[in-house]
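Peer 1: Shown below is the structure under consideration.
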Amino acid sequence: MNEIAIAASGLGRAFGGMWAVRGLDLQVRRGEIFGLVGPDGAGKTTAMRMLTGILAASEGAATVAGFSIHDEAEAIKVRISYMSQRFGLYGDLTVEENLRFYADLYEVPRREREPLEQRLLGFSNLTPFRKRQARNLSGGMKQKLGLACALIHKPEILFLDEPTNGVDPVSRRDFWRILYAMLKEGVTIFVSTAYLDEAERCSRVGLMHRGRLIQCDTPQKLKEGLPGQLLELATAQPRLAREALAAQLGANRVSLFGGMLHLYAEEAAEAEQARAILQQAGIAVLAEKVIAPTLEDVFIHRVTRDDAEAAA
């Protein structure tokens, strides 16, 4: 069996004269969770729709489950599930009726349906709500039902487009618990997310910006790859301190995390320069320490640097 579940080479899509995605090179191995992270408008949804055969590519090539997105789209569709940001649940149908509708849609054999339904309802903690209409479910429960419906035909590859956006933390945790259970069964998962803590849970992460994949690696290697050091500074005026440092060092060097400043310094001299800038602005540094970067630090640094390079 081919170890590569998804492969893209030079994949791109233009809308009129504007490229939403361009030059996408990507490989996703079977049995991994691959996370695609990027700001709104980065091209994540467009990339996912091309890979699922919903949207035709303007350039490049890709294979999913070993089949070409250009001329074997139907073969791909029976092997995948795609859960969009607004998955098509039917509000006037109950939880179990929605599951049965999707089982019909995917032509799941009758003898397999009942055990699959029981298992998916149990996975998603929806068994007590099986007779409830979907429109009367909470946001988190709707997302878990959407995932159960997407899994009813046992797909090889699962595509999830920001599935937990706007969902409460407890439901997000439950959602990821289900994903890990599916991962153990060999399902390959391709997920886009706006939550950097979720990206930390992925096998590998691709950082997407301005329609391009600007970096791709494991979360740990992405963090280790940030050169220099990251300083955490405590001041009585964190917002003013950020503005003063960003004005002279660049917005990609400083960010605000709660009431603390994270300052990225490639060299020790830059840390000294930052202290001088704050002193000149009349802002005292109350505490300072070197910290390990988070994935959010890496993401902010790469995106703001990419913006600065584009502007130059």
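Peer 1: Just checking, does segment 192-202 include any residue being at pLDDT below 95 and either closer than 21 Å to residue 98 by Cα or basic (Lys, Arg) (or both)?
Peer 2: Looking through segment 192-202, at least one residue is at pLDDT below 95 and either closer than 21 Å to residue 98 by Cα or basic (Lys, Arg) (or both).
Peer 1: Looking only at segment 196-214, which residues are under 15 Å from residue 295 (Cβ atoms) and buried (at least 18 other Cβ atoms within 10 Å of the Cβ)?
Peer 2: The answer is 196, 198, 199, 202, 204, 205, 206, 207, 208, 209.
Peer 1: Select from segment 113-139 the residues that are among the small types (Gly, Ala, Ser) and surrounded by fewer than 20 Cβ atoms within 10 Å (Cβ to Cβ) and write down the one among them that is farthest from the chain's Cα centre (by Cα).
Peer 2: Top of the filtered list is 122.
Yes/no matrix, rows are residues, columns are (1) touching a residue at least 40 places away in the same chain (Cβ under 8 Å); (2) touching a Ser or Thr at 6+ places or on another chain (Cβ under 8 Å); (3) assigned by TED's automatic domain parsing to the domain that holds residue 169:
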{"residue": "189", "(1), (2), (3)": "yes, no, yes"}
{"residue": "192", "(1), (2), (3)": "yes, yes, yes"}
{"residue": "198", "(1), (2), (3)": "yes, yes, yes"}
{"residue": "202", "(1), (2), (3)": "yes, no, yes"}
{"residue": "206", "(1), (2), (3)": "yes, no, yes"}
{"residue": "210", "(1), (2), (3)": "yes, no, yes"}
{"residue": "214", "(1), (2), (3)": "yes, no, yes"}
{"residue": "231", "(1), (2), (3)": "yes, no, no"}
{"residue": "234", "(1), (2), (3)": "yes, no, no"}
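Peer 1: Filter segment 146-166 for residues that are closer than 20 Å to residue 65 by Cα and surrounded by fewer than 20 Cβ atoms within 10 Å (Cβ to Cβ) and give the result.
Peer 2: Within segment 146-166, 153, 154, 156 meet the criteria.
Peer 1: Ok, one more. Restricting to segment 128-150, name every residue that is assigned to a helix (DSSP H, G or I) and either over 18 Å from residue 173 (Cα atoms) or outside the structural domain of residue 90 (by TED's automatic domain parsing) (or both). Walk me through how you get there before you give the answer.
Peer 2: Initially, segment 128-150 is screened for residues assigned to a helix (DSSP H, G or I), giving 128-129, 134-136, 139-150.
Correct list: 128, 129, 134, 135, 136, 149, 150.
Matching residues to (1) in contact with a helix residue (DSSP H, G or I) (Cβ under 6 Å, 6 or more places away or on another chain); (2) in the same structural domain as residue 24 (by TED's automatic domain parsing); (3) surrounded by fewer than 16 Cβ atoms within 10 Å (Cβ to Cβ):
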residue	(1), (2), (3)
168	yes, yes, yes
181	no, yes, yes
217	no, yes, yes
238	no, no, no
244	yes, no, no
248	yes, no, yes
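Peer 1: Condition test on residue 286, is it in contact with a Ser or Thr (Cβ under 9 Å, 6 or more places away or on another chain), aliphatic (A, V, I, L, M), loosely packed, with under 14 Cβ neighbours inside 10 Å and not assigned by TED's automatic domain parsing to the domain that holds residue 37?
Peer 2: Working: in contact with a Ser or Thr (Cβ under 9 Å, 6 or more places away or on another chain): yes; aliphatic (A, V, I, L, M): yes; loosely packed, with under 14 Cβ neighbours inside 10 Å: yes; not assigned by TED's automatic domain parsing to the domain that holds residue 37: yes.
Yes: the conditions hold for residue 286.
Peer 1: On to the next question. Name every residue in segment 37-60 that is among the polar types (S, T, N, Q) and either outside the structural domain of residue 9 (by TED's automatic domain parsing) or more than 22 Å from residue 302 (Cα to Cα) (or both), in order of residue number.
Peer 2: If we filter segment 37-60 for residues that are among the polar types (S, T, N, Q), which is where we start, we get 45-46, 52, 58.
Answer for segment 37-60, where residues must be among the polar types (S, T, N, Q) and either outside the structural domain of residue 9 (by TED's automatic domain parsing) or more than 22 Å from residue 302 (Cα to Cα) (or both): 52, 58.
Peer 1: A follow-up question, please. Identify the residue in segment 250-274 that is of a type outside the set (A, V, I, L, M, F, W, C) and more than 14 Å from residue 230 (Cα to Cα) and, among all such residues, is surrounded by the most Cβ atoms within 10 Å (Cβ to Cβ).
Peer 2: The extreme case among them is 273.
Peer 1: Using the structure shown, decide if residue 210 is modelled with pLDDT of 90 or more and on the phi > 0 side of the Ramachandran plot.
Peer 2: Values: modelled with pLDDT of 90 or more: yes; on the phi > 0 side of the Ramachandran plot: yes.
Yes; evaluated as a whole, the condition is true for this residue.
Peer 1: Of all residues in segment 97-144, which are closer than 25 Å to residue 74 by Cβ and of a type in the set (Phe, Trp, Tyr)?
Peer 2: 101, 102, 106
Peer 1: In the set 55, 36, which member is closer than 26 Å to residue 20 by Cα, touching a Lys or Arg at 6+ places or on another chain (Cβ under 9 Å) and part of a strand (DSSP E or B)?
Peer 2: Values: 55 fails: part of a strand (DSSP E or B).
It is 36.
Peer 1: Right, here's the next one. Output the number of residues of segment 153-174 satisfying the condition of being at pLDDT 90 or above and over 20 Å from residue 48 (Cβ atoms).
Peer 2: So the count comes out to 1.
Peer 1: Here's a check for you: in segment 80-100, which residue that is in contact (Cβ under 8 Å) with a residue 40 or more places away in the chain and not in a loop (DSSP other than H, G, I, E, B) is surrounded by the fewest Cβ atoms within 10 Å (Cβ to Cβ)?
Peer 2: Restricting to residues being in contact (Cβ under 8 Å) with a residue 40 or more places away in the chain and not in a loop (DSSP other than H, G, I, E, B), the top hit is 94.
Peer 1: Restricting attention to segment 275-296, which residues are in contact (Cβ under 8 Å) with a residue 40 or more places away in the chain, within 20 Å of residue 248 (Cβ to Cβ) and not β-branched (Val, Ile, Thr)?
Peer 2: Narrowing segment 275-296 to residues in contact (Cβ under 8 Å) with a residue 40 or more places away in the chain: 278, 281, 283-296.
Checking which are within 20 Å of residue 248 (Cβ to Cβ) leaves us with 278, 281, 283-285, 288.
Those that are in contact (Cβ under 8 Å) with a residue 40 or more places away in the chain, within 20 Å of residue 248 (Cβ to Cβ) and not β-branched (Val, Ile, Thr): 278, 281, 284, 288.
The values are calculated or read from the model by the stated rules, or taken from the named source; none is laboratory data. What you are looking at is a predicted structure, and each value in this text was computed from that prediction instead of being measured. Don't worry about glycine lacking a Cβ; one is built from the backbone with ideal geometry, like all the others, and counts go over all protein chains shown.
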